[in-house]
Amino acid sequence: MTSLNIQLMLKNKVLWAWPIIAVLVALLVGWYGDIQSAGNNYSFLFGSGNSPLLTSGFLIKQITGFFILIAIIGLPTHFGKNLESNRASMLLSKPISRTDFFISEFAAVITVTLIYTLITNIVLAVLLAVEAGIFPYQLYLGILFYIPLYILAIYVSIVLLLVLTRSYLASVLIAFLLLAPLSGFLLEAETFLSFMGLNTELMVGLADGLSYLVPSTAGVDKLMVGLEMPGPDAAAMPEMSGVLINGFVAFNWQLFGFVLLSCLPFFLLSFYLMRRKQF
Amino acid sequence: MILKATDISKTYSKSRKREAFSLNIDSFEVQPGSFTAILGPNGSGKTTFIKIILDLLFADRGEIQLLGHDHKNKEARQKLSYLPENFSFPEKFTVRQMLHTFAGITNTDQTDLDARIQKLAEAFNVDYLDKKIKDLSKGMRQTVALLHTFLGDYKFYILDEPFNGLDAVQKKAIMEYILDLQQRQNVAILITTHILSDIEKTCDYLHLIKNGSIIDAASKDEITEQHGSVETYYLNHFESKKALQ
């Protein structure tokens, strides 16, 4: 079942835009841009012609954000199809349990996301090795964590919405537009509540509890914040920059655990609904 | 016993999308090597019953044993092949790719798979194995769905309106294949249809279903003896009751 899902995803032209754009960006930056090391082995600066040099964080933020958007648009289409009665009744009449059906979906999404993230990393590695003479492997590991983790967090929500609404468009839009601000609010609830004058113990506790129930894309962003700005000020950045400089011993595993834990309620709820779904 | 369903009940309340409906099957059996048909008008509950057997819909009550297992276990579907009335294949796959992929998820023996696909394609008059599904006509898609259903070594085939959209020549070729398979491998077949000519010559046991209940069941011999033909048998049950109403 996982192999069927992977094959379906690999045939998705929207998703192919991801590695194709990665290659095109690398070619454009390589030919027309000017990349140089930022004086260390973990970040770089780039510019074009007379334009000022920008930090590697800017480039990484733009391309990862764009790839995540492509993935969010492309990945759920086939699960939406699989959930349609005509397809689901064919698949579930085979010796496939609903658990297999559900788990294989996530296995396929993680596999395909990792494949495309690896392609992106390879393209970036070739570009940086050739143009800037650096090999920031911790940056590549960071990207390998960041993109699949972010996609997983948002995909869990899309799957739940798909199971509930059967509408691809509604699921993608709601998850994409609401998840980031909602999880951001919950992650920094104390600050927001105090800004609104509502920072009572009850409200803070409530928000804290809720933060474990909503997949925390904001948590992923916070975890990887240094990836976006590993410029000359990297040492001052608390999260990913620490990793870029000091290696993965500096990785915030507690926040990582929180992100995974926050995905669990939506995952379990969609799994429960899937087991009760009739086709 | 291939299939034994007892005391099955399923009720739908009236909603915006559909009328209230209730399915009540006291007892239903399929024996090894038999060709059983469920006949009834549209909306009589044929597909609902099939979907309950396959655990696609959940019965409110009842017990179903399928190929020696509770029907909710995936092992019950190990030696079963199902052709739904409405199906959806991945449009971007070619017929051959689709058959290979689905053979992969059903644990179909992969040895000589290409040769078996070719043989089946010849029996079903299919010369478009390398065409994409999206480029096929309705009849071609139905034939491909049948091809997918019969690719594999199964003991029990459930065919829901299998000849929808097929022309007479194609229908004859496929029916001949099914009968030959049944004789060679003693497989059991459960077919639902509302087209009597589909099963007139082939069925050995028939169940009539109306408004969610089996109103009569008889062997082909009994039908021939008492009514002359399946058509008369069917009309006697449905036409007369309609007239009385």
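The values are calculated or read from the model by the stated rules, or taken from the named source; none is laboratory data. Predicted model only: the values in this text are computed from it and were never measured. Cβ: placed from backbone, ideal geometry, glycine included. Neighbour counts: every protein chain shown. Keep in mind that these areas ignore ligands, DNA and RNA; they rest on the heavy atoms of the full protein, side chains included. Shrake-Rupley method; radii C 1.70, N 1.55, O 1.52, S 1.80 Å.
What the table below lists for this structure:
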quantity	calculated
Segment B:39-69: number of residues that are open to solvent by less than 30 Å² (accessible area, probe 1.4 Å), at pLDDT 95 or above and in a strand (DSSP E or B)	2
Which listed residue, of A:GLY65, A:GLY47, A:GLY57, is more than 27 Å from A:LYS13 (Cβ to Cβ) and out of contact with any helix residue (DSSP H, G or I) (no Cβ under 6 Å at 6 or more places or on another chain)	A:GLY47
Matching entry among A:ASN5, A:ASN86, A:ASN41, A:ASN50 (being within 22 Å of A:PHE266 (Cα to Cα) and either at pLDDT below 80 or more than 19 Å from the chain's Cα centre (by Cα) (or both))	A:ASN5
Residues that are assigned to a helix (DSSP H, G or I) and open to solvent by 60 Å² or more (accessible area, probe 1.4 Å), drawn from segment A:169-193	A:LEU169, A:LEU173, A:ILE174, A:PHE176, A:LEU177, A:LEU178, A:PRO181, A:LEU182, A:PHE185, A:GLU190, A:THR191, A:PHE192
Count - residues of segment A:135-164 that are open to solvent by 30 Å² or more (accessible area, probe 1.4 Å) and modelled with pLDDT of 90 or more	3
Selection within segment B:99-117 - surrounded by 14 or more Cβ atoms within 10 Å (Cβ to Cβ) and more than 14 Å from chain A (Cβ to nearest Cβ)	B:LEU113, B:ARG116, B:ILE117
In segment A:117-133, the residues that are at pLDDT below 90 and either within 14 Å of chain B (Cβ to nearest Cβ) or buried (at least 21 other Cβ atoms within 10 Å of the Cβ) (or both)	A:LEU124, A:LEU127, A:LEU128
Listing of helices (runs of 4 or more DSSP H) fully contained in segment A:22-116 that carry 2 or more residues being within 14 Å of chain B (Cβ to nearest Cβ)	A:76-83, A:85-92
Tally of residues being farther than 19 Å from A:LEU91 by Cβ and open to solvent by 20 Å² or more (accessible area, probe 1.4 Å) across segment B:140-165	5
Subset of segment B:197-219 (residues that are among the aliphatic types (A, V, I, L, M) and under 14 Å from the mean Cα position of the chain (by Cα))	B:ILE199, B:LEU206
Failed item in (1) farther than 30 Å from B:PRO84 by Cβ; (2) open to solvent by 30 Å² or more (accessible area, probe 1.4 Å); (3) of a type in the set (Val, Ile, Thr), with A:THR64 passing the rest	(2)
Test: B:GLU63 is at negative phi and within 11 Å of another protein chain (Cβ to nearest Cβ)	no
Selected residue (criterion: surrounded by the fewest Cβ atoms within 10 Å (Cβ to Cβ)) from residues of segment B:189-239 that are touching a helix residue (DSSP H, G or I) at 6+ places or on another chain (Cβ under 7 Å) and assigned to a helix (DSSP H, G or I)	B:GLU231
Among (1) open to solvent by 70 Å² or more (accessible area, probe 1.4 Å); (2) over 18 Å from B:TYR157 (Cα atoms); (3) basic (Lys, Arg) - the single one B:LYS72 does not satisfy	(2)
Hits in segment B:77-98 (condition: among the aliphatic types (A, V, I, L, M) and within 8 Å of another protein chain (Cβ to nearest Cβ))	B:LEU80
Residue check for B:ALA173: over 15 Å from the mean Cα position of the chain (by Cα), away from chain A (no Cβ under 12 Å), touching a residue at least 40 places away in the same chain (Cβ under 8 Å) and open to solvent by less than 60 Å² (accessible area, probe 1.4 Å)	yes
Verdict on B:LEU136 being more than 22 Å from B:ILE25 (Cα to Cα) and either open to solvent by less than 10 Å² (accessible area, probe 1.4 Å) or touching a residue at least 60 places away in the same chain (Cβ under 8 Å) (or both)	no
Which numbered condition A:TYR150 fails, given (1) over 16 Å from A:PRO215 (Cα atoms); (2) in contact with a helix residue (DSSP H, G or I) (Cβ under 9 Å, 6 or more places away or on another chain)	(1)
